[in-house]
Amino acid sequence: MELTQGIARAFARIALGHVGQEFPHKLDHVMASEADVRPPRTLHPVFFGSFDWHSCVHGWWTLLTLRRKFPDMPEAHEIETLAEETFTAEKLRIELAYLQRPEARGFERPYGWAWLLFLHHEAERHGDREWAAKMEPLARAIAARMEDYLRILTYPITVGTHFNTGFALLLARAWAERRDVKLLSVIDEWALAAFGQRQAYSGWEPGGDEFLSPALSAAMLMSRVMPHGLFVPWFEKLVLENGWLARECVPVTVSDRSDGKIAHLDGLNLSRSWALREIASAMGPHEAREMLENRASDHLAAAIDHVTGDYAGEHWLASFALLVLLDEDGRR
């Protein structure tokens, strides 16, 4: 399946429909006093839509990515206009001030942080606009927090939800590669220490509300951190030799797409598809490559028709579908 203009337009319409939709909304907000009882648009004048802050951030990543890939599609002008209205210096200053509150130390850590860096990474590809320059102070502040966080994070968090360490570092690393040598080094050293000796994965995956694979998220990160000659035997020991990948890594069933947590499982099918595709590429001419690619296709087929249908999934699933459908340059 390829990213066509028709699919791009459909995804753009979805994201344009929710990045500016304030309600319903789930805040990640610690209140120090009654003065902090304020609505989403006041607290977050940039990322107030899409049900929650992080979904709005990667909704915007979806829009900017589609604008770059298909600059002549009708929705591209609407994306540009809305981005100009949204990514202003004053609105981004308020977002940064919120992050600097003492009560916001754990705000959107690490998932939202990582997506903001990935959004800035994409924004810099739009050289005809100043979106990235205006976003840079917020991105730099988050990068500094990510580095500090890794210095105190003794163990990786390997759940399949927003707290997952491997997935967050994967996105943050893409940002750091061209912009922050120190953060890149910290990420790579931390990842090697946390995952480098792992083998024979046997976790009880999937969990009932997960949208990430703990094993494959870590493996995708390590495919970037490790040289090919070390990654291949590491991955073999992790999930191939014990049969986990062949036995357990099959598309999951979603019983109720109106339930926000259960709907996470459509995201698991999509994020697994992305991971399997990336890992297959990293493995090179390996005997497991065909299986990896086939499993990637199976997971995508199980989820792609459910990107729309209920707001529980619609406010975020297009981003994960786009990760799968982008070419290698776009995904990085």
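Structure summary
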| read-out | value |
| --- | --- |
| Whole-Hz ³J(HN,Hα) from phi, Karplus 6.51 cos²θ - 1.76 cosθ + 1.60, for segment 23-28, glycine and proline x | 10, x, 9, 10, 7, 9 |
| Largest to smallest accessible area among Arg179, Arg9 [probe 1.4 Å] | Arg9, Arg179 |
| Residue-averaged 222 nm ellipticity for the chain, from DSSP H runs of 4+ at -39500 (n - 2.57), nearest 500 | -18500 deg cm²/dmol |
| Accessible-area ranking of Lys237, Lys69, largest first, probe 1.4 Å | Lys237, Lys69 |
| All aspartates and glutamates inside 15 Å of Lys91 as judged from Cα atoms, apart from same-chain residues fewer than 8 positions distant | Glu130, Glu136 |
| Bins of 10 Å from zero: percent of alpha-carbon pairs in segment 259-323 | 24, 46, 22, 8, 0 |
| Share of carbon and sulfur in the accessible heavy-atom surface of segment 214-332 [1.4 Å probe, %] | 48 percent |
| Per-residue SASA entry for Val30, accessible area with 1.4 Å probe, Å² rounded to 10 | 80 Å² |
| Quotient of C-alpha Rg and 2.2 N^0.38 Å, computed over segment 1-119 | 1.12 |
| Note, ³J(HN,Hα) from phi for segment 123-136, Karplus 6.51, -1.76, 1.60, rounded to Hz, x at Gly and Pro | 4, 5, 7, 9, x, 7, 10, 9, 4, 5, 4, 6, 7, 4 |
| Reachable lysines, given that their alpha-carbon falls under 16 Å from the alpha-carbon of Lys182 and they are not under 8 places away in the same chain | none |
| Degrees separating the helix 181-195 axis from the principal Cα axis of the chain, which is the longest one | 40 degrees |
| Space enclosed by the convex hull of the alpha-carbon atoms of the chain, per residue, Å³ | 129 Å³ |
| Cut-off under 5 Å, modelled amide H: who pairs with Phe87 long-range | none |
| Local electrostatic count, Ile279, Cβ distance below 11 Å [Lys/Arg +1, Asp/Glu -1] | +3 |
| Percent of C-alpha pairs per 10 Å bin, segment 130-241, short to long | 14, 43, 31, 11, 2 |
| Solvent-accessible area per residue for the chain (1.4 angstrom probe, square angstrom) | 41 Å² |
| Tail fraction, Cα-Cα pairs, segment 49-180, threshold 18 Å, whole percent | 54 percent |
| Helix 214-225 axis, angle to the chain major axis (alpha carbon atoms, nearest 10°) | 90 degrees |
| Accessible area of segment 1-99 belonging to carbon and sulfur atoms, whole % at 1.4 Å probe | 56 percent |
| Positive dipole terminus of segment 207-323, leading residue within Ala296, Leu322, Gly229 (C-beta point charges) | Gly229 |
| Derived scalar couplings ³J(HN,Hα) [segment 116-122; Karplus, 6.51 cos²θ - 1.76 cosθ + 1.60; whole Hz; x for Gly, Pro] | 5, 5, 5, 5, 4, 4, 6 |
| Centre separation in Å (Cα based) which lies between segment 1-79 and segment 169-198 | 27 Å |
| Rounded D (µm²/s) - segment 162-312, Kirkwood Rh over Cα pairs, Stokes-Einstein at 25 °C, 0.890 mPa s | 153 µm²/s |
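The values are calculated or read from the model by the stated rules, or taken from the named source; none is laboratory data. Bear in mind that the values here come from a model prediction, so they are computed numbers and not experimental data. Cβ sites come from the backbone with ideal geometry, for glycine too, and all protein chains shown count toward neighbours. Side chains are part of the model used for accessible areas, which takes the heavy atoms of the whole protein and leaves out ligands, DNA and RNA. Shrake-Rupley method; radii C 1.70, N 1.55, O 1.52, S 1.80 Å.
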